[in-house]
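> Just dropping this structure here.
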Amino acid sequence: MLLEKLALHRFRSYHDIDLVFPSAGAYITGCNGSGKTNLLESIFFLANLSSFRTNNREELRNWDAAQGIVKATVADRYADRQSELAVQLSAGTRRLWLNGKETRETREFTSRFTAVAFHPGTLQVVRGGPAGRRYLIDRGITSLHPGFVRVSQDFQHVLKQRNSLLRTSTDTGFLAAWTERFITAAIQLMRARWRHAELLNSILSAELLQDLGSDIGTLSLDYRPAILAKCSTQQYERLLPTNGTDAPLREHFLAEAQRLQHAETAMGQTLFGPQRDDIAINFCGRESRGYASQGQQRLVVFLLVAALALGIQRQRGHRPVMLLDDIVSELDARNREIIFTFLKTHAFQTFITATEEREQFDDLNSLARFQVQRLNDQTTLRNDMPYAASCTH
Amino acid sequence: MFRPRTLSILMEELCRLPGIGEKTAQRLAFYILRTPQERAQRLAQAIVEVKEKIIFCSRCRGITEADPCALCTDASRDGGLICVVEDPSDVFLIERTGVYKGLYHVLMGALSPLDGIGPDQLTIDALLARVERGGIREIICATNPNMEGEATVLYLARLVKPHGIRLTRLAHGLPVGGHLEYADEITLSRSLEGRRDI
Ligand SMILES: Nc1ncnc2c1ncn2[C@@H]1O[C@H](COP(=O)(O)OP(=O)(O)O)[C@@H](O)[C@H]1O
Ligand SMILES: [Mg+2]
Ligand SMILES: [Zn+2]
């Protein structure tokens, strides 16, 4: 997939810009706070209808405007199809246009354009608590299977209902009905996480890490469902719902529900299920939680994003756009080399931001170059290289 | 902006109706204002009468002017079959398909702890009383295809199954996560015919 044209109107610090991009992508430089991340965020938003740095859509519209618009022309080379996408944001509402016609079909809209992002805000995920990792994995699953949004929303909803029930009622039949529905939603969510971890692991070990040079070491995801925390390896194997039946896992869930019933009623909260899962990231034979250095975290998150991009290419049959925000800072020469090798080998359309012009990007000289500037409180972009514009034809 | 008080009151009341925003309310209010006196009178009368005359059927809890309702007293309908729905309006959706010939039971909602709706807020006791009176072969659950509708079915299953009654659910094909009213007649009759056991 290619982002060919992008127009922003009152999106974050942008007033009105109109850009054309070559199929290689763009390299965007500018000072701190000039609006580089805002630009990548608009592209990510167009693809995912969510931001990589906020859950509050209201923040995306320009502070002084009633309405913000992201508009783009995207192309799918495989399907030989060009689409015009537009999102309009105003207080409390989001409206979508596909090829000039307003639509409510979110899935149809998001199927036209896919983007994955590396964002420095994600780095803490490697070292922090499990919530961030669950979020990262679930967002990855959504990029691969847009229908997963429904699975995840259903689960959150049923969890809320069950918690509310635990706080307000002692009717065991009533609870049993919601417990059954909860288990169904929980197993769907867990199955998706399992498959996703398996897919990324197979891409990392069979493809990505080998391509990039054996000295990177190993990287793998270890999905740890909280419900199976105390199981022996044998039990664990038997309970996996990945090979057909989920009956043993359902039984295990029901037994947990039974065991925890008193505690749950006392606390008014669901005490088992995938809302407590962790997905450990093992880097070079060790769990990176708590120990990975800044540079290692960057590399790990980049490799996960790269594996996701390859996973999307493999399973959805199209190539996502890669958004790499501030990726080169704090990386030593070796890690930088790894990233550039990936970009050169796979040639996804890539948008990279950095605070300063750096000569190492000469390697990626088919990228259009833009300089972001802040003037009178609005962001403008200057196309730095005359040849970039000519590349677009 | 100046607006006569009576007009403002009408607009405010219209605004409370589902799916009607301020602009539509204004359009409707001005339409009513232009309409002949007797037609406006008929509209007002219809609203008052519907509230005065419509009651809930003591058997199925559907809406009716006479108790029991015409559906419950229709001898040509199959009394061994009960279709359980959430809302009185769902009865009309299913009747419109013309394929169902049994009786109904309106739950008046679905189990939703977040909204404070438990078994006691629904007409589940009345349904059980009908079951205990005997003669029922099958209960078809036509609750909405969303979490609350499904949890309600699971709850009913526990209560009804011990009576040896067949419990079924509308087949897939209904809009997931939505409401019965979004299903067209063909989809709805197909899902009635292809219902599955719980
Ligand atoms: N909704 C908004 N409206 C106007 N300006 C915004 C909005 N959100 C953020 N900004 C501005 O954007 C700047 C941050 O831009 P950002 O893209 O994060 O910079 P950087 O170039 O460092 O990545 C902030 O300084 C802020 O002033
Ligand atoms: Mg930034
Ligand atoms: Zn009746």
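> May I ask you to verify whether B:V99 is open to solvent by 20 Å² or more (accessible area, probe 1.4 Å), closer than 15 Å to B:L170 by Cβ and in contact (Cβ under 8 Å) with a residue 24 or more places away in the chain?
Details: open to solvent by 20 Å² or more (accessible area, probe 1.4 Å): yes; closer than 15 Å to B:L170 by Cβ: yes; in contact (Cβ under 8 Å) with a residue 24 or more places away in the chain: yes.
The answer is yes for B:V99.
> Can you tell me which residue in region A:9-27 is surrounded by the most Cβ atoms within 10 Å (Cβ to Cβ), limited to those that are closer than 19 Å to A:A91 by Cα and more than 16 Å from ligand 2 (Cβ to nearest atom)?
Initially, region A:9-27 is screened for residues closer than 19 Å to A:A91 by Cα, giving A:9-15.
Narrowing the set further to residues that are more than 16 Å from ligand 2 (Cβ to nearest atom) leaves A:9-10, A:15.
Details: A:H9: 18, A:R10: 22, A:H15: 16.
Once the filter is applied, the top-ranked residue is A:R10.
> Let me ask something else. Step by step: first the residues of region A:43-60, then only those that are within 15 Å of ligand 1 (Cβ to nearest atom) and of a type in the set (S, T, N, Q), then the one that is nearest to the other protein chains (Cβ to nearest Cβ). Which residue is that?
Of all residues in region A:43-60, those within 15 Å of ligand 1 (Cβ to nearest atom) come to A:43-45, A:51-60.
Those left that are additionally of a type in the set (S, T, N, Q): A:51, A:54-56.
On the way: A:S51: 24, A:T54: 26, A:N55: 20, A:N56: 22 Å.
Applying the filter and picking the extreme gives A:N55.
For (1) open to solvent by 80 Å² or more (accessible area, probe 1.4 Å); (2) away from ligand 3 (no atom under 16 Å from the Cβ); (3) modelled with pLDDT under 95; (4) of a type in the set (K, R), each residue gets a yes or a no:
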| site | (1), (2), (3), (4) |
| --- | --- |
| A:F52 | no, yes, yes, no |
| A:N56 | no, yes, yes, no |
| A:A65 | no, yes, yes, no |
| A:R81 | yes, yes, yes, yes |
| A:L85 | no, yes, no, no |
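> Restricting to region A:100-144, what's the tally of residues that are surrounded by fewer than 17 Cβ atoms within 10 Å (Cβ to Cβ) and touching a Ser or Thr at 6+ places or on another chain (Cβ under 6 Å)?
0
> Further question: On the given criteria, is A:L89 open to solvent by less than 20 Å² (accessible area, probe 1.4 Å) and touching a Gly at 6+ places or on another chain (Cβ under 6 Å)? If you could, list the steps in order and put the result at the bottom.
Working: open to solvent by less than 20 Å² (accessible area, probe 1.4 Å): yes; touching a Gly at 6+ places or on another chain (Cβ under 6 Å): yes.
Here the answer is yes, as A:L89 does meet what is asked.
> I would also like to ask the following. Got at least one residue in region A:301-319 being at positive phi and in contact with a Ser or Thr (Cβ under 6 Å, 6 or more places away or on another chain)? First the steps, then the outcome.
The initial filter retains those residues of region A:301-319 that are at positive phi, namely A:317.
Filter once more, so that each one left must be in contact with a Ser or Thr (Cβ under 6 Å, 6 or more places away or on another chain): none.
No: zero hits.
> Now a separate question. Checking B:D120 against (1) closer than 16 Å to B:Y155 by Cα; (2) open to solvent by 20 Å² or more (accessible area, probe 1.4 Å); (3) touching an Asp or Glu at 6+ places or on another chain (Cβ under 7 Å), which single condition isn't satisfied?
(3)
> Turning to a different aspect of this structure: Could you grab me the full set of residues in region A:330-356 that are within 16 Å of ligand 2 (Cβ to nearest atom), touching a residue at least 60 places away in the same chain (Cβ under 8 Å) and open to solvent by 10 Å² or more (accessible area, probe 1.4 Å)?
A:T355, A:E356 - these are the residues of region A:330-356 that are within 16 Å of ligand 2 (Cβ to nearest atom), touching a residue at least 60 places away in the same chain (Cβ under 8 Å) and open to solvent by 10 Å² or more (accessible area, probe 1.4 Å).
> Same structure, new question: Would you pick out the residues in region A:185-222 that are open to solvent by less than 30 Å² (accessible area, probe 1.4 Å) and under 30 Å from B:E148 (Cβ atoms)?
A:A185, A:A186, A:I187, A:L189, A:M190, A:A192, A:R193, A:W194, A:H196
> Further, regarding this structure: Is at least one residue of region A:28-50 farther than 23 Å from A:L375 by Cβ, surrounded by fewer than 18 Cβ atoms within 10 Å (Cβ to Cβ) and in contact with a helix residue (DSSP H, G or I) (Cβ under 9 Å, 6 or more places away or on another chain)? Spell out how you get there, then give the answer.
The initial filter retains those residues of region A:28-50 that are farther than 23 Å from A:L375 by Cβ, namely A:44-50.
Remaining after also requiring surrounded by fewer than 18 Cβ atoms within 10 Å (Cβ to Cβ): A:49-50.
From what is left, the residues that are in contact with a helix residue (DSSP H, G or I) (Cβ under 9 Å, 6 or more places away or on another chain) are A:49-50.
Within region A:28-50, one or more residues are farther than 23 Å from A:L375 by Cβ, surrounded by fewer than 18 Cβ atoms within 10 Å (Cβ to Cβ) and in contact with a helix residue (DSSP H, G or I) (Cβ under 9 Å, 6 or more places away or on another chain).
> I've got another one for you. Could we say that A:S202 is away from chain B (no Cβ under 14 Å) and over 16 Å from the mean Cα position of the chain (by Cα) here? First the steps, then the outcome.
Numbers: away from chain B (no Cβ under 14 Å): yes; over 16 Å from the mean Cα position of the chain (by Cα): yes.
Considered against the rule, which asks whether it is away from chain B (no Cβ under 14 Å) and over 16 Å from the mean Cα position of the chain (by Cα), A:S202 comes out as yes.
> Suppose we filter B:L93, B:L43 for residues that are free of Cβ contacts under 8 Å to residues at least 60 places away in the same chain and not hydroxyl-bearing (S, T, Y); which single one remains?
On the way: B:L93 fails: free of Cβ contacts under 8 Å to residues at least 60 places away in the same chain.
When all the criteria are applied, what remains is B:L43.
> Looking at A:L323, is it assigned to a helix (DSSP H, G or I) and either over 19 Å from A:T122 (Cα atoms) or modelled with pLDDT of 90 or more (or both)?
Values: assigned to a helix (DSSP H, G or I): no; either over 19 Å from A:T122 (Cα atoms) or modelled with pLDDT of 90 or more (or both): yes.
Here the answer is no, as A:L323 does not meet what is asked.
> OK, next. Do we have A:R238 as more than 21 Å from the chain's Cα centre (by Cα), charged (D, E, K, R) and open to solvent by 30 Å² or more (accessible area, probe 1.4 Å) here? Even if it seems obvious, please write down each step before you answer.
Working: more than 21 Å from the chain's Cα centre (by Cα): yes; charged (D, E, K, R): yes; open to solvent by 30 Å² or more (accessible area, probe 1.4 Å): yes.
Considered against the rule, which asks whether it is more than 21 Å from the chain's Cα centre (by Cα), charged (D, E, K, R) and open to solvent by 30 Å² or more (accessible area, probe 1.4 Å), A:R238 comes out as yes.
> What are the residues in region A:286-306 that are among the basic types (K, R) and crowded, with 22+ Cβ neighbours inside 10 Å, if any? Explain how you work it out, then say what you get.
Our first condition is that a residue be among the basic types (K, R); within region A:286-306, this holds for A:286, A:289, A:298.
The one that is among the basic types (K, R) and crowded, with 22+ Cβ neighbours inside 10 Å: A:R298.
> Looking only at helices (runs of 4 or more DSSP H) that fall completely inside region A:74-181, which ones have 1 or more residues that are facing another protein chain (nearest Cβ under 10 Å) and touching a Pro at 6+ places or on another chain (Cβ under 6 Å)? Spell out the reasoning first.
Details: elements: A:106-110, A:124-127, A:130-144, A:148-168.
Qualifying helices (runs of 4 or more DSSP H): A:148-168.
> Sticking with this structure for a sec: Sort out which residues of region B:1-60 are touching a Gly at 6+ places or on another chain (Cβ under 8 Å) and open to solvent by 80 Å² or more (accessible area, probe 1.4 Å), and write them in order of number. So that I can check it myself, show each step before the final result.
Going residue by residue through region B:1-60, those that are touching a Gly at 6+ places or on another chain (Cβ under 8 Å) are B:15, B:56.
Passing the criteria: only B:F56.
The values are calculated or read from the model by the stated rules, or taken from the named source; none is laboratory data. Bear in mind that the values here come from a model prediction, so they are computed numbers and not experimental data. Every residue, glycine among them, receives a Cβ derived from its backbone with ideal geometry; neighbour counts consider all protein chains shown. Keep in mind that these areas ignore ligands, DNA and RNA; they rest on the heavy atoms of the full protein, side chains included. Shrake-Rupley method; radii C 1.70, N 1.55, O 1.52, S 1.80 Å.
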